[in-house]
Amino acid sequence: MAVEIQKQIYLYIPQSTLDETWSDLVAGKASKPNSHFVVHNFEHDMESIFWLLLWTLLVRFPCNLDSDKERSEFAGILSEIFQDTSICSPKREEVFSQGGALYDLLARFLAPQLESLQAPLDALRNALVIGYLGRKQEFNDLSSYSTLYKFLRLTLSTCQCLTQKQSLPDLLPCHSGAPQAEIVNLPLQVNKRRHSQSNAGDDDDEYGLVSSKMARGQGNTDVSSSWILRERNPGVSYIENDSDS
Amino acid sequence: MYIWVMLSLMFATEEELGYDPTIQRRLDHEADRVCFVYEVDGHYYKTQKAIFDHRSLCTTRRATRVWEVIEVASFDELQPLEGSHPVVLKDVWLDAGSMTEGDIQREIFADLEKISNALQAGVEPKGFAGMDDESKQKLRECLLEQDWHRYFLTLVHEWQGTTSKKVAEAAEPDSTLFEAPPTTVRLSSFPHADLSRTSLSQPSDLLAHKEKPFNRRHCPKRQSRVVFKEVCVALHDVSKLGDAMTALLSCVFGEILHPHCVITQVLIGSPALQLMFLAGWVHRDISSGNLYWFGVNNDPEVRGILADLEYAKRFRPSDGRGSPDPKTVRMIHIIHLRE
């Protein structure tokens with residue numbers, strides 16, 4: 001989900017001089033309440049594709065970090081960026097709208113085989129941000145959207161090109177590891193219970209919570225990454241914070 | 001009150017008690033497992049595999065369930081019909097007044113037809129302004145040939161079921177019932193941090209129970225089922241990075257031949273997102289469960305499909321009225337809640 005939609009605030013802020021606003025306010029003309037809707041536009045759909053791409057490359061692609069500390073830090077950052085809620089975490093906003101934040105994140109945590117995608121991903125992010133800012137409040141200006149498709153295509157085709165050039169490991173599964181056939185036709189609770197039983201130990205409850213959350217959350221753009229993180233980093237605990245209504 | 005409730009339960013019909021006569025649970029002896037048989041517009045479908053199950057137990061949401069199914073003769077005859085192929089059944093509860101996926105798809109196609117007719121008469125779509133030549137060329141071909149249907153899911157059957165009751169007029173919310181579970185609080189990692197406030201799980205805990213806001217809108221829901229022809233794999237279930245990239249790329253742009261790449265599979269264009277842009281529609285719900293990779297054995301057509309159009313709507317920013325649905329929330333309301 002696009003940052004603007006989650007935060008219900010446009011990234012573009014109309015500029016006005018201090019003198020103008022000062023004299024208006026002193027004259028008793030209160031600022032007009034900002035009662036605009038953040039209307040979902042075509043670029044928000046493109047941004048969703050960007051987040052799906054980032055999620056696939058960061059969360060689902062296997063990455064071998066050396067130390068527990070690094071793994072734990074990476075897991076923490078991912079769980080902040082890809083939450084199963086419609087709320088935008090400060091980290092997610094920073095990664096999208098602050099120049100350099102995504103580049104640094106990718107430099108540290110993107111799998112070595114995907115290193116060449118670091119710059120194209122950041123360039124796409126930058127193109128989208130400039131798209132939002134450059135549009136200002138001219139939401140009917142269709143050319144402000146149509147020019148952006150090119151950048152989305154360039155990044156996506158670079159990614160696809162990479163997969164053609166070298167053999168890469170399979171993506172980590174989203175499901176809890178049980179073969180699809182076993183999940184079929186069983187109510188959710190049965191699945192949860194079985195997972196808990198099969199995972200004997202003192203973290204049964206947490207495991208059940210995570211797997212049930214995955215079952216619920218996998219449809220969002222902000223796909224919960226908890227289960228995959230646990231698979232990737234056994235022993236690292238994650239705090240679940242599902243504040244969605 | 002107690003007698004009232006008991007009598008209501010005793011004399012309620014099965015449907016009023018929550019049983020759905022159009023779904024039956026059966027033991028499939030052949031596969032030796034339990035399955036469900038759905039009735040859709042006079043046809044019966046036996047579930048074979050769960051494709052997607054998103055918050056299906058939450059009654060205030062859409063409770064979406066997506067199954068791979070095969071057509072059978074009735075609730076009790078579970079042999080697949082001769083010549084039937086696996087298809088996809090989506091069972092969803094939509095807001096009573098909202099358009100179904102089929103309605104939205106037909107409207108998008110109608111808009112594309114208008115654009116196509118205009119293009120044949122020499123008028124370029126407005127969305128072409130500023131667009132790169134490669135995209136324009138691809139879209140122009142698609143529009144002139146009028147073959148956009150295959151870039152969206154193919155509807156086999158549609159069915160509308162019952163509508164749930166409205167919230168009774170005399171009903172009053174009681175915030176002490178069904179309280180939200182406490183939210184886990186992430187403790188500060190700073191060594192000397194003040195932890196005194198960490199017992200507050202959410203801002204509303206500062207208010208007394210009776211003052212808690214309880215302004216949730218519960219509108220009646222209508223049962224809706226759609227059967228699709230294409231059996232796809234959701235993006236979050238795709239196991240190869242290359243396939244995931246193909247799905248993402250072709251959902252937006254269709255066939256892309258990169259000069260430095262050796263494309264091993266034939267990609268047929270599926271520029272669903274750009275077609276929607278030209279038609280003036282925003283999807284509003286792009287997610288890993290709505291973006292599919294479609295590839296069939298022995299079928300050269302490997303592509304991504306953008307589905308689940310229930311939230312899609314025409315882009316009308318100047319309308320000013322907006323819509324009170326969950327995808328567009330009024331700014332001022334948010335500010336009020338924060339205060």
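Only a single criterion out of (1) surrounded by 10 or more Cβ atoms within 10 Å (Cβ to Cβ); (2) more than 8 Å from chain B (Cβ to nearest Cβ); (3) among the charged types (D, E, K, R) is not satisfied by A:Asp19, namely (1).
Restricting region A:32-49 to residues that are modelled with pLDDT of 65 or more and in a loop (DSSP other than H, G, I, E, B), which is surrounded by the most Cβ atoms within 10 Å (Cβ to Cβ)?
Keep residues of region A:32-49 that are modelled with pLDDT of 65 or more, which gives A:37-49.
Subset that is in a loop (DSSP other than H, G, I, E, B): A:38-41.
On the way: A:Val38: 21, A:Val39: 22, A:His40: 25, A:Asn41: 23.
My answer is A:His40.
Within region B:49-78, the set of residues being at pLDDT 85 or above, surrounded by 14 or more Cβ atoms within 10 Å (Cβ to Cβ), farther than 19 Å from B:Glu158 by Cα and more than 7 Å from chain A (Cβ to nearest Cβ) comprises B:Leu78 only. Just to be sure before I move on: is B:Lys165 loosely packed, with under 15 Cβ neighbours inside 10 Å, at pLDDT below 80 and assigned to a helix (DSSP H, G or I) in the structure I sent? For B:Lys165, the condition - loosely packed, with under 15 Cβ neighbours inside 10 Å, at pLDDT below 80 and assigned to a helix (DSSP H, G or I) - is not met. Assess whether A:Ser48 counts as being among the small types (Gly, Ala, Ser), facing chain B (nearest Cβ under 9 Å) and within 20 Å of A:Asp122 (Cα to Cα). Criteria met by A:Ser48.
Consider A:Ser144 carefully, then state whether it is within 14 Å of another protein chain (Cβ to nearest Cβ), surrounded by fewer than 18 Cβ atoms within 10 Å (Cβ to Cβ), in a helix (DSSP H, G or I) and over 19 Å from the mean Cα position of the chain (by Cα).
Working: within 14 Å of another protein chain (Cβ to nearest Cβ): yes; surrounded by fewer than 18 Cβ atoms within 10 Å (Cβ to Cβ): no; in a helix (DSSP H, G or I): yes; over 19 Å from the mean Cα position of the chain (by Cα): yes.
Against the criterion (within 14 Å of another protein chain (Cβ to nearest Cβ), surrounded by fewer than 18 Cβ atoms within 10 Å (Cβ to Cβ), in a helix (DSSP H, G or I) and over 19 Å from the mean Cα position of the chain (by Cα)), A:Ser144 does not qualify.
Okay, residues lined up against (1) surrounded by 18 or more Cβ atoms within 10 Å (Cβ to Cβ); (2) in contact with a Ser or Thr (Cβ under 9 Å, 6 or more places away or on another chain); (3) part of a helix (DSSP H, G or I):
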| site | (1), (2), (3) |
| --- | --- |
| A:Leu57 | yes, no, yes |
| A:Gln83 | yes, yes, no |
| A:Val95 | yes, no, yes |
| A:Leu106 | yes, no, yes |
| A:Glu115 | no, no, yes |
| A:Asn126 | no, no, yes |
| A:Ile130 | no, no, yes |
| A:Gly134 | no, yes, yes |
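If you go through region A:125-141 and pick out every residue that is within 12 Å of chain B (Cβ to nearest Cβ) and within 21 Å of the chain's Cα centre (by Cα), you end up with 1.
The values are calculated or read from the model by the stated rules, or taken from the named source; none is laboratory data. None of these values were measured; they are calculated from a predicted model. Glycine also receives a Cβ, built like all others from the backbone with ideal geometry; neighbour counts cover every protein chain displayed.
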